[in-house]
Every structure is written in C-alpha cells, then in structure tokens.
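One structure below.
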Amino acid sequence: MFFMRNASSRIVLFTGALLIGAGLAGSQASAGQVAPPPLVLSPNLTEPWTMQLQPRVNRRAVAPAQRRQVEQPQVRRANWWSPRQQPVRQQPQARTTQSRQIAPQFLPTIVKYDGKYKPGTIVIDTNARYLYLVQKDGTARRYGVGVGKPGFEWAGRHRISRKAEWPDWRPPAEMRKRRPDLPTFMAGGPENPLGARALYLGSTLYRIHGSNQPWTIGHAVSSGCIRMRNEDVTDLYERVGVGTTVIVI
C-alpha cells in the first residue's frame with residue numbers, strides 16, 4: 001500500500017511540473033520572446049494526401065494503340081478435314097495434245113458403196129482414214145483406222161496371209177534401231193501394241209491390227225501398219241478369212 005501511494009504522488013508531481021512548464025513557456029512568448037519555428041512537413045509526404053482532397057478531374061481518355069494488321073495469305077484446304085494452317089499447293093495440270101476419245105466420225109457405220117471392187121474386198125483409204133469392207137447389197141461396212149505417219153505411207157494390193165488372236169509382237173530390226181527402248185519380244189495381251197487381233201498382209205511386215213491406244217484412230221501415227229480399235233478389228237476378224245484381198249490407196 002505504501003508503494004502504491006508513493007507512485008501516485010510521483011505521477012501527480014510530474015503532471016504538475018508539465019503544466020507549470022507550459023505556463024511559463026506561454027508567459028515568455030507573450031512577454032516578447034521569439035516563439036519556436038512552426039512544424040513543416042515534406043511535400044513528398046503531403047502530396048498523396050493533398051491529391052485526395054482535390055476535386056476529381058476527368059482525364060482525357062487515350063485511345064489504345066492500334067495494332068498493324070498484316071494480311072495473311074489465303075490458304076485453300078484440300079478437304080473439309082484438312083488443317084487450316086497447312087497450305088495446299090496447286091498441282092500443275094498436265095497438258096494433253098490429243099483427246100483420249102475417238103472422234104465420232106471414225107466409229108463403225110454402214111455406207112453406200114458403188115466402187116469397182118467386188119464384195120468381200122477390203123479397201124483402205126489412207127487419206128480419209130477409213131477401211132471399207134465391201135458387201136453384196138451395194139453397201140460397205142466402214143471403220144475408222146490409224147495409218148502410217150509421214151515417211152511411212154505406202155499403197156498396194158495384198159492378201160491376208162495369216163490371222164492371229166492376241167498376237168505376240170516382235171519389233172523388226174529397223175524399228176528397234178530407231179527405238180532402242182523397244183523389246184525384242186512381247187507376248188500377246190492387253191498391253192501389247194498389236195491389240196486383240198491381227199491380219200497379216202502377204203509377206204510384208206505390215207498388218208491390220210488392234211490397238212491399246214484407241215485415241216490414235218483417225219491419225220497418222222504408225223510405222224505403216226493399219227490400226228483399228230480392238231472392238232472393230234475383232235468384228236472385222238470374224239467377217240473375213242485368209243486370202244481376202246486388201247487394197248491400200
């Protein structure tokens with residue numbers, strides 16, 4: 001209890017001393033003595049607080065910087081399932097010098113015939129690209145043919161000396177000399193240039209034969225042989241026999 005009383009009295013005395021000191025300072029200032037300088041705060045510390053007290057000013061909105069648009073090359077997709085990012089290169093189209101179809105005028109037909117050759121004769125007009133099989137009723141069966149290219153034309157009278165179905169091919173030495181890439185022998189079949197049937201003309205190297213290139217009918221492309229469509233030479237093969245006369249004009 002004694003300790004608490006002493007502490008209380010000390011607090012009272014300290015408080016009184018402060019009040020007396022404050023009174024003395026006030027009396028000295030009033031007596032003409034210079035007062036201490038005012039407290040000044042640094043602008044760096046006061047600026048954030050003073051900015052909050054100022055009225056809000058609408059700042060001019062700054063337009064966002066426009067991005068430069070770069071034109072991307074258009075990409076074509078080959079299929080609907082193809083990725084859009086992968087460009088598809090356009091393949092160059094192959095140029096064809098000839099149509100792959102036979103011209104309509106070279107398809108088989110029946111025409112009137114009043115020539116000098118008797119029925120059963122084969123007449124080949126190399127200029128017109130037609131082969132005629134003369135019939136008994138004043139008509140002829142007309143087929144389109146391919147003939148010898150320039151330098152390989154020929155004309156004459158022969159007889160069919162042999163017939164062959166899906167004939168083998170043995171290119172003559174003269175042809176292989178011009179075309180070293182040709183084989184010395186090729187068995188008969190769909191890939192054989194002689195086609196489905198062959199009618200050999202006398203003892204010559206010429207023949208009337210089919211072709212696995214029907215689009216060449218009506219053109220001068222062979223080495224002298226007479227080309228026909230496989231369908232047409234097969235039809236002619238059934239209508240004529242060995243010994244039939246062949247006139248090439």
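Among the residues making up the range 232-249, a single one is surrounded by fewer than 15 Cβ atoms within 10 Å (Cβ to Cβ) and among the acidic types (Asp, Glu): GLU238. Here ILE102 passes the criteria (1) surrounded by 13 or more Cβ atoms within 10 Å (Cβ to Cβ); (2) at pLDDT 95 or above except the one numbered (2). Among the residues of the range 109-123, those that are surrounded by fewer than 16 Cβ atoms within 10 Å (Cβ to Cβ), part of a loop (DSSP other than H, G, I, E, B) and not charged (D, E, K, R) comprise GLY115, TYR117, PRO119, GLY120. Is it true that ALA128 is at pLDDT below 95 and within 22 Å of VAL233 (Cβ to Cβ)? No.
If the condition is being among the aliphatic types (A, V, I, L, M) and in a strand (DSSP E or B), then the range 124-133 contributes ILE124, LEU131, LEU133. Within the range 136-147, residues that are within 14 Å of ILE110 (Cβ to Cβ) have Cβ atoms under 6 Å from residues that are of a type in the set (S, T, N, Q) in these pairs: ARG142/THR109, counting only partners at least 6 apart in sequence or on another chain. Applying the condition of being small (Gly, Ala, Ser) and open to solvent by less than 50 Å² (accessible area, probe 1.4 Å) to the range 131-158 and asking which residue is nearest to ARG239 (Cα to Cα) yields ALA140.
The values are calculated or read from the model by the stated rules, or taken from the named source; none is laboratory data. It should be emphasised that the depicted structure is a prediction, and the values quoted were computed from it without experimental measurement. Note that each Cβ is placed from the backbone with ideal geometry, even for glycine, and that neighbours are counted across all protein chains shown. Only protein heavy atoms, including side chains, enter the accessible area calculation; ligands, DNA and RNA are left aside. Shrake-Rupley method; radii C 1.70, N 1.55, O 1.52, S 1.80 Å.
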